[in-house]
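The values are calculated or read from the model by the stated rules, or taken from the named source; none is laboratory data. Keep in mind that this is a model prediction, so the values were computed, not measured. Glycine also receives a Cβ, built like all others from the backbone with ideal geometry; neighbour counts cover every protein chain displayed.
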Amino acid sequence: MTTPHPDPELLKTTRAHGEALLAAEASRVLDLEPRFLLQMAHLTTPATVWKYVESACTASTANLVMLDLEDSIPRGDAALLRQGRENVVRAFHELDWGPRLRFFRPRGLALDPGLEDVQAVIGACGARVEGIVYPKVESAEEVRLLDRVLTALEGAHGLPAGRIRIEVLIESTSAEEQVFEIARSSRRIVGLVFGAFDYWGSLGTMAVPYATDHPLIDHARARIVKAAASVAVPAIAEMTLNYPTRNKTEAERTSALEECRRDALHARAMGFAGKWTGIPAQTEIALEVFTLGEDLIRRATEEAKLFLAAEREGRGATMIGGKMADRATDRINRMVLRAAFARGLLDADTARELGIG
């Protein structure tokens, strides 16, 4: 039986449309520099207290430090806002942040519709700023507005276009509903961060107190993780609000840190890449929980090598350890290895052999 040849014109047209679709789908994926994959532990610190700023920027073990101009400043307190901005600018100019990602959080659109915080800080030290954690986002259009303002500021101050990156805080039901559009709203995005307590407030649920494992909170977590994955950026879990403060007993302080660990483990199980922290003890927990284990990296390396060998032998699938492995298996392994390489946990020769990097 002879197989009919496809119509040349239809084939040409279909191929052109297919290639255009593939290009459009590929363009949604944000190809991050490896350093932006290192977000196991964020540390947020109030910009108004210089000793906290200095310690966070120069001495913490966090992957990303965020100097906060939002929650740490009472609404309408112009003097504290001015002090906070001055400390942010001073920190970017004077401090050696080492390998830590250099971010700050301005007030959101509701408190600062003219993006004055962004314009003041970027105008004073834009060449040192790596990114902005933007709060209280309600729509993708807010992110696009921020993107346009950053583009204008970069042009005005001689900075490379697109240099300043954005992490978006998802803190409301409206933001959750639009989270996929938000994730795709700017090429600057390098992470989505969950603000769980603000999100709970947006639900208007008064009869039941906030609980970190409430099904509605987990539903939002799942949406954020999937939206972040759709553009290949990290999803960052919320902060644990129970601190081991000095006025607590030793048992209560221990319990607070155990709660932070439970929260981190739960977030990791749901697909988050890291966690927000507010004190060094929480930061250490986040680093421990979200750092890739040696066994995981070793297994991913071995399986990637075996699958590569199978493909070279003309097989699209193979058996590894008694289980069928195909391109989906290899994709998962390579995701692990790419993150391991970014964290310095995979040697350059192995990465080169497997085409990682």
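Odds and ends about this structure:
- Condition broken by residue 147, with the remaining ones in (1) surrounded by 15 or more Cβ atoms within 10 Å (Cβ to Cβ); (2) over 20 Å from the mean Cα position of the chain (by Cα); (3) in contact (Cβ under 8 Å) with a residue 12 or more places away in the chain; (4) part of a helix (DSSP H, G or I) satisfied: (2)
- Filter result for residue 293 (modelled with pLDDT of 95 or more and among the small types (Gly, Ala, Ser)): no
- Single residue of the stretch 17-48 satisfying the filter (modelled with pLDDT of 95 or more and farther than 14 Å from residue 100 by Cβ) that is surrounded by the fewest Cβ atoms within 10 Å (Cβ to Cβ): 46
- Across the stretch 1-54, the number of residues qualifying as of a type in the set (Phe, Trp, Tyr) and not assigned by TED's automatic domain parsing to the domain that holds residue 186 comes to 0.
- Number of positions in the stretch 17-48 that are in contact (Cβ under 8 Å) with a residue 40 or more places away in the chain and assigned to a helix (DSSP H, G or I): 4
- Filter result for residue 181 (within 21 Å of residue 278 (Cα to Cα), of a type outside the set (Phe, Trp, Tyr) and touching a residue at least 12 places away in the same chain (Cβ under 8 Å)): no
- Filter result for the condition that a residue is surrounded by 12 or more Cβ atoms within 10 Å (Cβ to Cβ), farther than 20 Å from residue 273 by Cα, without any contact (Cβ under 8 Å) to a residue 12 or more places away in the chain and β-branched (Val, Ile, Thr), over 3, 14: 14
- Within the stretch 77-134, no residue satisfies the criterion of being among the polar types (S, T, N, Q) and closer than 20 Å to residue 190 by Cβ.
- Scanning the stretch 33-65 for residues that are closer than 26 Å to residue 230 by Cβ, aliphatic (A, V, I, L, M) and in contact with a strand residue (DSSP E or B) (Cβ under 6 Å, 6 or more places away or on another chain) turns up 40, 41, 64.
Table: residues versus (1) over 29 Å from residue 102 (Cβ atoms); (2) buried (at least 17 other Cβ atoms within 10 Å of the Cβ).
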residue	(1), (2)
163	no, no
172	no, yes
183	no, yes
193	no, yes
215	yes, no
222	yes, no
233	no, yes
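- Residue pairs whose Cβ atoms lie under 7 Å apart, separated by 6 or more positions or on different chains, with the first residue in the stretch 310-335 and within 17 Å of residue 354 (Cβ to Cβ) and the second surrounded by fewer than 10 Cβ atoms within 10 Å (Cβ to Cβ), are 326/316.
- In summary, strands (runs of 3 or more DSSP E) completely within the stretch 214-322 and bearing 1 or more residues that are under 18 Å from the mean Cα position of the chain (by Cα) occur at 235-237, 274-277.
- Residues (in a helix (DSSP H, G or I) and either among the aliphatic types (A, V, I, L, M) or not assigned by TED's automatic domain parsing to the domain that holds residue 241 (or both)) located in the stretch 192-210: 196, 203
So that you can scan it fast, the table gives a plain yes or no per residue for (1) small (Gly, Ala, Ser); (2) surrounded by fewer than 21 Cβ atoms within 10 Å (Cβ to Cβ); (3) touching a residue at least 12 places away in the same chain (Cβ under 8 Å); (4) assigned by TED's automatic domain parsing to the domain that holds residue 197:
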residue	(1), (2), (3), (4)
240	no, no, yes, yes
243	no, yes, yes, yes
246	no, yes, no, yes
250	no, yes, no, yes
259	no, yes, yes, yes
274	yes, no, yes, yes
278	yes, yes, yes, yes
283	no, no, yes, yes
